[in-house]
Structures are given as C-alpha cells and as structure tokens.
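The values are calculated or read from the model by the stated rules, or taken from the named source; none is laboratory data. Computed from a predicted model, the values in this text were never measured in an experiment. Glycine also receives a Cβ, built like all others from the backbone with ideal geometry; neighbour counts cover every protein chain displayed.
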Amino acid sequence: MNSRSTWIRSNLLRGRNFWTIKAPENCSWAWGKILKLRSLAWPKMQYIIGDGMTTSLFFECSYTKAIWWHVCDRCDIPRMTKGWEEWIRWATVMWHGKSFVNFSRKLGFAAAVYYIWQERNARIFAGMSRTPNLVFDQIECIIREKLDLMRKALPTDENIRIQSAWRVNNI
C-alpha cells in the first residue's frame with residue numbers, strides 16, 4: 001500500500017467504509033469531490049447481465065454469490081449472508097497469519113474477485129458470458145496450481161482437508 005492510501009485510511013476514513021461515510025463539512029475540496037463522485041463510481045462496480053441479473057464484484061447477486069460459495073465450500077469458509085463490510089471485518093480477524101489454510105482462503109478470495117472482474121469485462125467489452133460453474137472451473141485450476149507449489153504444508157487434518165477439496169497432489 002502506498003503512503004497516500006495509508007494516509008487516507010488513517011486520517012480520513014479512520015476505519016470507516018469509503019462507500020458509506022458522510023462527507024464532513026470541514027473537509028478539503030478534493031476529498032469532498034471524491035466523496036460526491038462515489039455515486040458515479042458505484043454503477044461501474046456492477047453490470048447488467050443479458051438475462052436481467054445484476055452481477056456485482058461484492059458477491060451480492062446470485063451469479064457472483066454462486067461462484068463465491070463454491071470457493072467458500074472448498075476453503076472451509078462459512079457461508080455468511082452478512083454485508084460486504086462486516087464480511088471483510090470478519091475475514092481480516094480470522095485470516096491473520098501465514099498458515100496453509102489462511103493462504104488458501106486469501107488465494108480463493110483473490111481469485112474469485114479477479115475472475116469475476118474478468119467475467120464482467122468480457123461481458124462489457126467482448127459480449128461474451130460464461131456460467132458461474134465455468135468461471136469457478138478457472139478459479140479451481142489456478143488455486144490448485146498455486147497450492148500444489150506449497151510443498152511445505154504440514155500434514156494437519158485441516159490442511160489435508162483443504163488439499164483434498166482442491167484436489168492438490170501433495171497429500
């Protein structure tokens with residue numbers, strides 16, 4: 001994270017959500033403008049799919065939720081129906097450290113976000129679309145590749161369960 005974003009998080013946001021924070025009356029002109037323009041940025045985070053569903057990067061629609069829940073099932077992440085902000089708070093607390101299980105969960109989250117965003121771009125710019133299962137197949141392939149490289153994972157029950165769920169060959 002660069003120094004500017006660190007400064008913004010600690011001085012302007014102070015643990016609050018960028019999307020829901022109210023613009024203070026005494027803020028700088030630039031910060032006030034950024035906060036006022038959020039309403040223009042938010043629609044860019046969503047895209048109408050051909051069948052009328054809305055896909056959202058934040059796992060709020062049935063399309064992205066189906067992909068995310070596949071990842072949750074493989075990584076032993078509880079299927080929470082809480083909002084994005086509460087979910088991120090929970091993950092931040094629960095996924096600290098560098099264990100194999102936490103690495104697989106962080107990797108699963110990053111891969112889901114990446115491939116959902118890639119699907120969004122394919123729909124917008126190329127007019128192509130895939131089912132949630134096809135997107136998940138890509139996620140599964142990349143996660144299996146990455147986890148397969150982790151040769152030093154201890155053979156604990158939890159690690160073996162995750163490796164087995166992703167069909168990693170290290171077991």
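Results, tabulated for the structure shown:
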quantity	calculated
Members of the range 1-30 that are under 30 Å from Ile124 (Cα atoms) and either assigned to a helix (DSSP H, G or I) or of a type in the set (Lys, Arg) (or both)	Ser5
Top-ranked residue of the range 135-152 - restricted to ones that are at pLDDT below 90 and loosely packed, with under 13 Cβ neighbours inside 10 Å, ranked as nearest to Glu60 (Cα to Cα)	Leu149
Number of the exception - Glu85 against (1) modelled with pLDDT of 70 or more; (2) over 30 Å from Asn102 (Cα atoms); (3) surrounded by fewer than 16 Cβ atoms within 10 Å (Cβ to Cβ); (4) of a type outside the set (Gly, Ala, Ser)	(2)
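Residues checked against (1) buried (at least 19 other Cβ atoms within 10 Å of the Cβ); (2) part of a helix (DSSP H, G or I); (3) among the aliphatic types (A, V, I, L, M):
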site: Trp69; (1), (2), (3): no, yes, no
site: Met80; (1), (2), (3): no, no, yes
site: Leu107; (1), (2), (3): yes, yes, yes
site: Asn133; (1), (2), (3): no, yes, no
site: Arg167; (1), (2), (3): no, no, no
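The rows are residues; the columns are (1) basic (Lys, Arg); (2) in contact (Cβ under 8 Å) with a residue 12 or more places away in the chain.
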| site | (1), (2) |
| --- | --- |
| Arg89 | yes, no |
| Ala122 | no, no |
| Ala126 | no, no |
| Glu140 | no, yes |
| Glu145 | no, no |
| Leu154 | no, yes |
| Ile160 | no, no |
| Trp166 | no, yes |
